[in-house]
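Q: Have a look at this one.
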Amino acid sequence: MTSSSPTPNRRAVLRGALAASAGVVLGPLLFSGVAQAYTWTRTLTQGATGADVTELQIRVAGWAASSASHSRVAIDGEFGAGTLAAVKRFQSAYGLTADGSVGATTQAKLNSLEQSDGSTLHFNWSEFTDRVSGTFSGGKLSAAATKENARRAMYKLEALRKKLGDKSITVNSGFRSIAHNAEIGGATDSMHLYGTAADLNVPGVANRTVYQKSETCGFSGLETYTVDHQHVDSRADLGRAWWWEDGTI
């Protein structure tokens, strides 16, 4: 689990207007769409390493903290203290024994949150594709890398949905192609261009509440809750600085 200090309070930064020199640093990507009842071959405990630990980290990343915190689960394939804490929060939230051991029962619960096409239980690929082309092409990354970033966002949103009392979340905007983003006046380096951002509405829940719960889900980019939607993104996963427009509330 890592943390960093907030950057200056400017809407343009949240929208992704980051210096070109910042670069993009991606963690391990699983481009092939690995859901569809992921095959766990062993019980995972603290100290384990490997691709299955990476997949575990992706699926529990939304359980990065129990209170507002610049904390994220590192997607590095190493089962450390941050992953352990996230696993325990996941287990507790779903009524499992919160011992941090990822055996058959926890693995079954993790797999219950996936759909056969690689999306998650409550979110579909169509909610995250570019609104013009209906694809993951034309952004800052390859279509495969962009789709994988969207999958990772889905798992964080599954955690957010659970923390909001299983309230349905509407994704208004997910990935945007460079062309579409320019048409709507988006920032030239918007996190939407990488597939790691989403603009949300949660019917019946105030944006302030959505913002507060998002502060516990490892989202490193949060737009103010005073507009007509809640923007969330995972810019720190791309090597960018954390930025919450309204700070920690």
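The values are calculated or read from the model by the stated rules, or taken from the named source; none is laboratory data. Because the structure is predicted, anything quoted here is derived from the model rather than measured. Please note: Cβ atoms are built from the backbone with ideal geometry, for glycine as well, and neighbour counts cover all protein chains shown. What goes into the accessible areas is simple: the full protein's heavy atoms, side chains included, and nothing from ligands, DNA or RNA. Shrake-Rupley method; radii C 1.70, N 1.55, O 1.52, S 1.80 Å.
Q: Tell me, what is the percent relative contact order of the chain, built from C-alpha pairs under 8 Å that lie six or more residues apart?
A: 26 percent
Q: Right, here's the next one. So if R0 is 22 Å, what FRET efficiency would residue 76 and residue 39 give, r being the distance between their Cβ atoms, rounded to the nearest 0.05? Intermediate results must be reported in sequence, preceding the final value.
A: Working: r = 21 Å, r/R0 = 0.96.
That pair, residue 76 with residue 39, gives E of 0.55.
Q: For 122, 192, write out the residues from largest to smallest accessible area, computed with a 1.4 angstrom probe and no ligands counted.
A: From most exposed to least exposed: 122, 192.
Q: Which of 82, 195, 165 ends up with the largest GNM mean-square fluctuation for the chain, with Cα atoms connected below 10 Å?
A: Of 82, 195, 165, the most mobile in the Gaussian network model is 165.
Q: Determine how large the accessible area of residue 249 is when every protein chain is in place; take a 1.4 Å probe and give Å² rounded to the nearest 10.
A: Using a 1.4 Å probe on the heavy atoms, I get roughly 60 Å².
Q: Residues in segment 124-159, backbone N under 18 Å from the label point at residue 179 (7 Å along the Cα-to-beta-carbon vector): list them, ranges by number please.
A: Only 129-144 pass the distance filter.
Q: Sticking with this one: Using a ≥ b ≥ c from the Cα gyration tensor of segment 133-231 (square roots of the eigenvalues), is it rounded, prolate or oblate, where a/c under 1.5 gives rounded and otherwise the larger of a/b and b/c decides, a/b for prolate?
A: The shape class here is prolate.
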